[in-house]
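Enquirer: Mind looking over this structure? Questions follow.
The values are calculated or read from the model by the stated rules, or taken from the named source; none is laboratory data. Remember, it's a predicted structure, so these values are computed and weren't measured experimentally. Reconstructed Cβ throughout: ideal geometry from the backbone, glycine too, with neighbour counts over all protein chains shown. Surface accessibility is based on the protein's heavy atoms, side chains included, excluding ligands, DNA and RNA. Shrake-Rupley method; radii C 1.70, N 1.55, O 1.52, S 1.80 Å.
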Amino acid sequence: MENKGVSGQQPSLSQYFANDPPSFFDELASSKPQQMETGGDTMTLPANPQATQQTLNTNQVPLMGTTPGGNTVSSNVQPAAASTGVNLTSNTFTGGFKTPEYIENQAELEEDMKIADDVRNFWETPVTPNGHPPLLTTPGIQTATDLPDLIANAVSKHLGDAELGHRKIPGVDNVTQDERGLRSLIASGCYRSAINLTGRLLTIYGQGYGRAGQPAKHSPHSLQLWFTRLALLAKLGEYELLQKEAEPFDKLNKPDVFYEFYPEMYPGKTGSIACFSFRLLLAEMPIYLGNPQLALDRLSELYVITNEIKLYFAGKNMKEAQDFWKKREFKILHAIVNCAIILKKYNLIDDILRSMIADGGDLDKEERRALFSAWGRIYLQIGDVFGAEQKFAEARRLRKIYSQPDIRDLVDKGLITVAQNDFPEAYATFQKALHLESGNTMILNNMGVCLLYAGKLKEAITLFERAINLNPQKSLNESLLVNLSTLYELESNNSKNKKLNLLRLINRYKPDLNISLEICLKLQTPN
């Protein structure tokens, strides 16, 4: 039901771009508040199309959480009858990719939070034994060339250079060669170009290709560039390159990533040069590399340090600083829950969520609702429908009195009815949610899958095609593409032409995809 089965279970990268003012890149990807990740609210079809002939078993409710890409379109999309064919090769599509307007990052303008010098001792500066040179952080770019445009390569291979001429996507040479240009590329979804720009900027710092293992001076800006580069590599699934380039940083515990190492550059300044989000990324990174237990150990260690800093400020009655570190502590707990889901440590998840709700006196009702809702969706994963209903009921009780059900309520209810194999009722519930937020891709995805499981293959295809027709730039999200490609295979043994039509649209409207085209469109599948 969710894209993790296709791309592997992964934490959300959006959390690494928030809550570290006033660093350069921490809020590049999203300004939305962070939610608990428990997989995906989006239902994704099985990799084997034949498997969709069976209805879901209530003991195997797929994962639930945030839609990969998380896009919402503004079009009013309604399910259409099977006879209302939508021609994806028609000339109804005009224009192409549109770069969003650049918006200045206000977080950069905020006052930096002053942290007492004795708190910095929690991030202990390594001590080098006398007579031994210090172990240094010596990173370097591991690829001699820019990352290629995989969509352009696929278009050239399958559709030819004439079609490739319709691709009008901003590249690394189309923006200013600085952090402003980097933010612009990320905001446009041009992640590979953004990675290529970080390579150019890090080369200026003497940390480009061929410089790995060579001493180099670090600064807040250079470490932010590395953090952004590694986060984007993880987002795009470039795990081999990610592992090689992240290895020199280890846990950011070498002396040259602390201000004390550069007394002439930062006189009197102490503590870690690297931002908190960089530490969180490195702690969680083993999940991507197939070692969730190591990630859990590193996250637990990071949690202990963060908790100590929070308690320090609590003892000093510095509430603003205490609350700031409590939010960071909650981010780590969210990551630990995501990691525990992969490891199937459900008792640990119960303990963490229970304590977060009990200790979260500063959480507003909506934040508590989100936690109860996430908790219920985790229960669905282990087949405990009754337990899930109880948690969803707690979430409903926190809703504003006399208010009507909102999207959270309706999606929760729809997932329960899916677990009960009542796909027509689930479809009707998701349809009500769609009325509240027309064009929501996650809801449309769920509606399409419900139609399929109810035996309405043609209607499901038409629903997805209409969504793309109304807003291709936002509706061509990875989950929907995987689902629609699977439906095409179910519909016909000659589905390749329809998939190539999708590739034409991707060429014109999508700078990058978070999972490969081979997975999204299954172009390697025999037809």
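Enquirer: State all residues of the stretch 483-501 that are part of a helix (DSSP H, G or I) and open to solvent by 10 Å² or more (accessible area, probe 1.4 Å); if no residue qualifies, say none. Working first, answer last.
Expert: Let us first name the residues in the stretch 483-501 that are part of a helix (DSSP H, G or I), namely 483-491, 496-501.
489, 490, 491, 496, 497, 498, 500, 501 - these are the residues of the stretch 483-501 that are part of a helix (DSSP H, G or I) and open to solvent by 10 Å² or more (accessible area, probe 1.4 Å).
Enquirer: Same structure, new question: Restricting attention to the stretch 234-254, which residues are closer than 14 Å to residue 147 by Cβ and not in a helix (DSSP H, G or I)?
Expert: Of the residues in the stretch 234-254, the ones closer than 14 Å to residue 147 by Cβ are 234-242, 244-245.
If the condition is that a residue be closer than 14 Å to residue 147 by Cβ and not in a helix (DSSP H, G or I), then 236, 237, 238 are the ones that fit.
Enquirer: Here's something else I'd like to know. Looking at the stretch 312-319, can you tell me whether even one residue there is open to solvent by 20 Å² or more (accessible area, probe 1.4 Å), closer than 24 Å to residue 224 by Cα and touching a residue at least 24 places away in the same chain (Cβ under 8 Å)?
Expert: Checked against the condition, which is being open to solvent by 20 Å² or more (accessible area, probe 1.4 Å), closer than 24 Å to residue 224 by Cα and touching a residue at least 24 places away in the same chain (Cβ under 8 Å), the stretch 312-319 yields no hits at all.
Enquirer: Something else now. Quick one: how many residues across the stretch 147-163 are in contact (Cβ under 8 Å) with a residue 40 or more places away in the chain, open to solvent by 50 Å² or more (accessible area, probe 1.4 Å), under 27 Å from residue 229 (Cα atoms) and of a type outside the set (Asp, Glu)?
Expert: Of the residues in the stretch 147-163, 2 are in contact (Cβ under 8 Å) with a residue 40 or more places away in the chain, open to solvent by 50 Å² or more (accessible area, probe 1.4 Å), under 27 Å from residue 229 (Cα atoms) and of a type outside the set (Asp, Glu).
Residues checked against (1) part of a loop (DSSP other than H, G, I, E, B); (2) modelled with pLDDT under 95; (3) at negative phi; (4) crowded, with 22+ Cβ neighbours inside 10 Å:
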| residue | (1), (2), (3), (4) |
| --- | --- |
| 373 | no, yes, yes, yes |
| 380 | no, yes, yes, yes |
| 383 | yes, yes, no, no |
| 387 | no, yes, yes, no |
| 396 | no, yes, yes, no |
| 400 | yes, yes, yes, no |
| 403 | yes, yes, yes, no |
| 418 | no, yes, yes, yes |
| 425 | no, no, yes, no |
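Per-residue answers, yes or no, for (1) within 15 Å of residue 122 (Cα to Cα); (2) modelled with pLDDT of 95 or more; (3) in contact with a Leu (Cβ under 6 Å, 6 or more places away or on another chain):
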residue: 246; (1), (2), (3): no, yes, yes
residue: 252; (1), (2), (3): yes, no, no
residue: 259; (1), (2), (3): yes, no, no
residue: 263; (1), (2), (3): no, no, no
residue: 270; (1), (2), (3): yes, no, no
residue: 287; (1), (2), (3): no, no, no
residue: 317; (1), (2), (3): no, no, no
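Enquirer: Quick one: is residue 444 over 30 Å from residue 474 (Cα atoms), surrounded by 14 or more Cβ atoms within 10 Å (Cβ to Cβ) and in contact (Cβ under 8 Å) with a residue 24 or more places away in the chain?
Expert: It is false that residue 444 is over 30 Å from residue 474 (Cα atoms), surrounded by 14 or more Cβ atoms within 10 Å (Cβ to Cβ) and in contact (Cβ under 8 Å) with a residue 24 or more places away in the chain.
Enquirer: If you go through the stretch 165-219 one residue at a time, how many are outside any loop (DSSP other than H, G, I, E, B), among the β-branched types (Val, Ile, Thr), more than 18 Å from residue 249 (Cα to Cα) and open to solvent by 30 Å² or more (accessible area, probe 1.4 Å)?
Expert: 1
Enquirer: Mind checking whether some residue in the stretch 324-344 is open to solvent by 20 Å² or more (accessible area, probe 1.4 Å), of a type outside the set (Gly, Ala, Ser) and farther than 22 Å from residue 374 by Cβ?
Expert: Checking the stretch 324-344: at least one residue is open to solvent by 20 Å² or more (accessible area, probe 1.4 Å), of a type outside the set (Gly, Ala, Ser) and farther than 22 Å from residue 374 by Cβ.
Enquirer: I've got another one for you. Examine the stretch 358-366 for a residue that is touching a residue at least 12 places away in the same chain (Cβ under 8 Å) and touching a helix residue (DSSP H, G or I) at 6+ places or on another chain (Cβ under 6 Å), and state whether such a residue exists.
Expert: The answer is no, given that none of the residues of the stretch 358-366 is touching a residue at least 12 places away in the same chain (Cβ under 8 Å) and touching a helix residue (DSSP H, G or I) at 6+ places or on another chain (Cβ under 6 Å).
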